Amino acid sequence: MDKPEQTADSEFRYEAVVKFIDDLIDSGALAPGQKVPSLRKVSKARGVSVSTALHAYRMLESKGVLEAQPQSGFYVSANSVVQMGKPSVMSRSTPVRKVSSGALVANMFELAGDTDLAPLGCAIPSPDLLAASQLDKFLARMTRTRGKHANTYAPPRGVDSLRAAIARRSINWGHAVSADDIVITCGCTEALHLALKAIAQPGDTIAVESPNYFGFLPILQALHLKVTEIPTDSIDGISVPALEVALEKTPVKACLFSSAFNNPLGCLTSEEKKNQVLSLLNRHRIPLIEDDVYGDIFFGKERPRPYSAMEKAKNVIYCSSFSKTVAPGYRIGWIASSGYTDKLAAEKYATTLCGPTLTQVALGEYLNAGAYDNHLRGLRKSFAANMAAVSNTIADTFPAGTRISRPEGGFVLWVELPDDINARAVFDLAIREGICFAPGDLFTTSNNYRSCLRISCGYPWNTQIERAIWKLAELVVVQRNAQT
Ligand SMILES: Cc1ncc(COP(=O)(O)O)c(C=O)c1O
């Protein structure tokens, strides 16, 4: 396929065509089965070349939105997911609030280890899909060959070979980080904790996307921080106008945003928007903490570049981990920033001195052995296939009016039920049936998302998962009927 055109501000023109067709379908102007405008017409209307229009149509075809018919053209797919609406977006940012993360967040982390439950709850990939067993072999070898030397304290910033391996990989996300500016942490969770602690004082307000990962809330609570949530769309991410208004009226100390495939929406903020967000933050002198744990799990052609790789990036702290791609149990994450490294390293040794040494050595060896990229290719395919199977089954079984996200990466789905259904009540029924999912009200400090749920698609499609989705659909109806 021809290379798509790129405008001066680096937005791919085919993305504008993709959005144009998506909007026509969403508004009902193009119905399932209907022919979409010819390539010639759309190229003229959108001011792009025919090959760029074709690239956009092929992209929509690969997402199942369009179907090509030989000698005839492109048609809106009759696939039932395409006919479901997209989740709604909050109309404005939430007022500043204290954070109180509640008992169910703690309970979700407890449930994460319960292997008797159908695994639709926590965002943890199946161990069979992860590289944990390969990593274990490196660990065994390191224990045999270097155990004596590695059984000592690591430098507070982390084992040099691992930091160097991460620094080399940072070229893949378009912003080469120096190994000296990387601090190894206990997962992304500690990275976020250190970043917030380095920037904010108790009582300060942090802006987050809405809905946001429920694991942010205990961190914000522990640091006595307040929060304002910014409306975020399930397709194209944070609302820049809403952020602008929030920053005008609220003294925000820092923003904590997802770099790609926000949990739970799976949305992707475009590079153009990322630069707009950064310009706003620069104007208000507000630092950004970005969480890129899902960045390597993209279904498109290229890894999305994080905020820190954008032209307008000035004051960004990058946080990530290997929990979603290699081994959550190794608890290895990292934080990278040029402006805050000493402060972060000091905070790290004040709290834990350093991370465990052997596991860091083993992960460094694994990354250097060169199998990680191949592993990631397989992992992305599995997650995309799982997500498609779960989405299709939801489309076929859930009540009319259910809306669903269409993530282009990560492995979680956001489902919005008709608003007379209470997802927390469905959760109580589901747990009794041995099925876990995450109710929507966990992902906010507001009263929103009570009829939403997040479904993890981190396990390969199988009959247990299929039955669980069918059962969930039944429970949704049971819950609705119980109210009438
Ligand atoms: C957005 C996001 N950030 C951070 C984490 C936690 O990552 P880690 O296990 O590396 O601490 C998760 C886990 O679900 C997540 O979804």
Among L265, L256, L196, L217, which is closer than 27 Å to V412 by Cα and at pLDDT below 95?
L217
Expected output for the stretch 27-50 (first residue within 21 Å of A78 (Cβ to Cβ), partner at pLDDT below 90 and part of a helix (DSSP H, G or I), Cβ below 6 Å, 6+ apart or cross-chain) is L30/L24
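Each row is one residue, and each column tells you yes or no for (1) in contact with a Lys or Arg (Cβ under 9 Å, 6 or more places away or on another chain); (2) away from the ligand (no atom under 16 Å from the Cβ); (3) not assigned by TED's automatic domain parsing to the domain that holds R406.
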| position | (1), (2), (3) |
| --- | --- |
| F298 | yes, no, yes |
| E302 | no, yes, yes |
| R305 | yes, yes, yes |
| I317 | no, no, yes |
| Y330 | no, no, yes |
| W334 | yes, no, yes |
| A350 | no, yes, yes |
| T359 | yes, no, yes |
| E365 | yes, yes, yes |
Checking the condition modelled with pLDDT of 90 or more, within 17 Å of the chain's Cα centre (by Cα) and either under 17 Å from L288 (Cβ atoms) or not aromatic (F, W, Y) (or both), which residue from P306, P356 passes?
P306
Pick from G73, G85: which is surrounded by fewer than 17 Cβ atoms within 10 Å (Cβ to Cβ), modelled with pLDDT of 90 or more and closer than 30 Å to K41 by Cβ?
G73
Cβ pairs under 8 Å, 6+ apart, first in the stretch 292-309 and aliphatic (A, V, I, L, M), second away from the ligand (no atom under 14 Å from the Cβ)
I297/L376; I297/L379; I297/R380; A309/W173; A309/G174; A309/H175
Among L225, L196, L247, L243, which is the only one that is within 16 Å of the ligand (Cβ to nearest atom) and either of a type outside the set (F, W, Y) or in the same structural domain as A346 (by TED's automatic domain parsing) (or both)?
L196
Could you list all residues from the stretch 403-436 that are free of Cβ contacts under 8 Å to residues at least 60 places away in the same chain, outside any helix (DSSP H, G or I) and open to solvent by less than 40 Å² (accessible area, probe 1.4 Å)?
L417, I421
Among all residue pairs at least 6 apart or on different chains, which show Cβ distances below 7 Å where the first residue, located in the stretch 113-126, is over 15 Å from P439 (Cβ atoms) and the second is among the basic types (K, R)?
P125/K324
Please enumerate the residues belonging to the stretch 449-479 that are more than 20 Å from P399 (Cβ to Cβ), touching a residue at least 40 places away in the same chain (Cβ under 8 Å) and not in a helix (DSSP H, G or I).
S456, C457, G458, Y459, P460, W461
Selection from the stretch 255-288 of residues of a type in the set (A, V, I, L, M, F, W, C) and within 16 Å of the ligand (Cβ to nearest atom) yields C255, L256, F257, A260, F261, L265, C267, L268, L288
Six or more apart or on different chains, Cβ atoms under 8 Å: show the pairs whose first residue is in the stretch 197-225 and closer than 11 Å to S101 by Cα and whose second is modelled with pLDDT of 95 or more and more than 16 Å from the ligand (Cβ to nearest atom).
L220/K226
Hits in the stretch 163-185 - residues which are out of contact with any His (no Cβ under 9 Å at 6 or more places or on another chain) and within 12 Å of the ligand (Cβ to nearest atom):
I184
Given the structure, is S72 among the polar types (S, T, N, Q) and free of Cβ contacts under 8 Å to residues at least 40 places away in the same chain?
yes
Counting only residues that are buried (at least 20 other Cβ atoms within 10 Å of the Cβ) and at positive phi, how many does the stretch 213-271 have?
3
Scan the stretch 14-64 for residues that are touching a Lys or Arg at 6+ places or on another chain (Cβ under 7 Å) and of a type in the set (F, W, Y) and jot them down.
F20
Could you check Y57 against (1) assigned to a loop (DSSP other than H, G, I, E, B); (2) modelled with pLDDT of 85 or more and say which number it fails?
(1)
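The values are calculated or read from the model by the stated rules, or taken from the named source; none is laboratory data. Fair warning: this is a prediction, and the values are worked out from it, not measured in the lab. Here Cβ is always computed from backbone atoms with ideal geometry, including for glycine, and neighbour counts include all displayed protein chains. In case anyone asks, the SASA skips ligands and DNA or RNA and just uses the protein heavy atoms, side chains included. Shrake-Rupley method; radii C 1.70, N 1.55, O 1.52, S 1.80 Å.
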